[in-house]
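Only one structure is covered here, and it is reproduced in the block below.
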Amino acid sequence: MVQAFPAALRLEQIEGDGASLHTRVGGTGPAIVMLHGFADTGDMWAPLAQAVIDRHTVVVPDLRGMGLSSQPAGGYDKKTQGRDIARLLDRLGVDKAALVTHDIGNMVGYAFAAQFPDRVTKWVVMDAPLPGIGPWDEILKNPLLWHFNFRGPDVERLVQGRERIYLDRFWNELSATPASIDEETRRHYADLYARPGAMHCAFEQFAAFARDAVDNKELAAGGKLALPVLAIGADKSFGTAQADVMRFVASNVTGQVIANSGHWLMEEQPAATVEAITAFLSA
């Protein structure tokens, strides 16, 4: 089921770099920014928010074009979205924050951290590659990741009205146990992605990967991130490869693998995932 956020979090629409980001924010103490990926929204982070709200300021935006954030015509390259996060923190008066990211959130997280390295204290990165980094060209050949290049003039028409069918492919094929993503969770996210314009914006996130690959190579050429990084892979998904990828862009990387999970760590193994994240953040 999709867990409710702590009552201490308020909802705000906060201007990023040309997008209005639907954001949950609250708590006191060092800030943590949590960034979601495809087939999720910021709603995925409720269990983690509950675990840290008593000692951290929690900031959970929906990425531009996703969830209940605005749907601008462009800006789906991750460098622009990294600036979204910087502007968001500016408007909240937050100078520095820890990052916790998953899936496309990893890509936005890297673009934010690489552009604004002094603003990130620690980074937990979970189960997804970075365009253009390390074995990216080989990753693109994985048939399970066919959706990275699912584009063309008819993709939206093919999926319109069939969003649940489309999303079920990812929940079923990229999980260790499909039943761990229950019916309520599937309905919740399918309804959000069926909103007008939502799938168009999701496809734009993927369409930007070629631009992101070029940008990431340029960012990486500027030097590795020095901040502590915890690279979490699921044992039925990226596994130890998550840390391998991150070592191309960061010099202080610790790897961890969550057992009995596929890609959807927060849905499949929330307790173990939250424990790993909170242990790293509190160390």
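The values are calculated or read from the model by the stated rules, or taken from the named source; none is laboratory data. Given the structure is predicted, the values throughout are model-derived calculations rather than measurements. We place every Cβ from the backbone using ideal geometry, glycine too, and count neighbours over all the protein chains shown. These accessible areas exclude ligands, DNA and RNA; they are computed on the full protein's heavy atoms, side chains included. Shrake-Rupley method; radii C 1.70, N 1.55, O 1.52, S 1.80 Å.
Only one of the numbered conditions (1) closer than 20 Å to Arg119 by Cβ; (2) assigned to a loop (DSSP other than H, G, I, E, B); (3) of a type in the set (Val, Ile, Thr) is not met by Val2, and that is (1). Against the condition open to solvent by 20 Å² or more (accessible area, probe 1.4 Å), without any contact (Cβ under 8 Å) to a residue 40 or more places away in the chain and among the small types (Gly, Ala, Ser), how does Gly134 come out, does it pass? The answer is no for Gly134. Can you tell me which of (1) in contact (Cβ under 8 Å) with a residue 40 or more places away in the chain; (2) open to solvent by 10 Å² or more (accessible area, probe 1.4 Å); (3) acidic (Asp, Glu) is the one Glu275 doesn't meet? It is condition (1) that Glu275 fails. Every test in (1) modelled with pLDDT of 95 or more; (2) assigned to a loop (DSSP other than H, G, I, E, B); (3) acidic (Asp, Glu) is passed by Asp17 save one, and that test is (1).
For the range 66-139, the helices (runs of 4 or more DSSP H) that sit wholly inside it and include 2 or more residues that are among the charged types (D, E, K, R) are 78-92, 136-139. Each residue in the range 151-173 was checked for being open to solvent by 50 Å² or more (accessible area, probe 1.4 Å) and part of a loop (DSSP other than H, G, I, E, B), and 6 of them qualify. Among the residues of the range 193-210, those that are in a helix (DSSP H, G or I), out of contact with any Asp or Glu (no Cβ under 7 Å at 6 or more places or on another chain) and open to solvent by 30 Å² or more (accessible area, probe 1.4 Å) comprise Glu204, Ala207, Ala210. If you filter the range 45-64 down to residues that are touching a Pro at 6+ places or on another chain (Cβ under 7 Å) and in a loop (DSSP other than H, G, I, E, B), you find that the one that is surrounded by the most Cβ atoms within 10 Å (Cβ to Cβ) is Arg64.
Scanning the range 222-236 for any residue that is surrounded by fewer than 17 Cβ atoms within 10 Å (Cβ to Cβ), at pLDDT 95 or above and farther than 25 Å from Asp118 by Cβ turns up at least one such residue. Could you go through the range 211-220 and let me know if any residue there is open to solvent by 40 Å² or more (accessible area, probe 1.4 Å), in contact (Cβ under 8 Å) with a residue 40 or more places away in the chain, in a helix (DSSP H, G or I) and touching an Asp or Glu at 6+ places or on another chain (Cβ under 7 Å). The answer is yes, given that some residue of the range 211-220 is open to solvent by 40 Å² or more (accessible area, probe 1.4 Å), in contact (Cβ under 8 Å) with a residue 40 or more places away in the chain, in a helix (DSSP H, G or I) and touching an Asp or Glu at 6+ places or on another chain (Cβ under 7 Å). Within the range 244-261, track down each residue that is within 24 Å of Val52 (Cα to Cα) and open to solvent by less than 50 Å² (accessible area, probe 1.4 Å). Scanning the range 244-261 gives Val253, Gly255, Ile258, Ser261.
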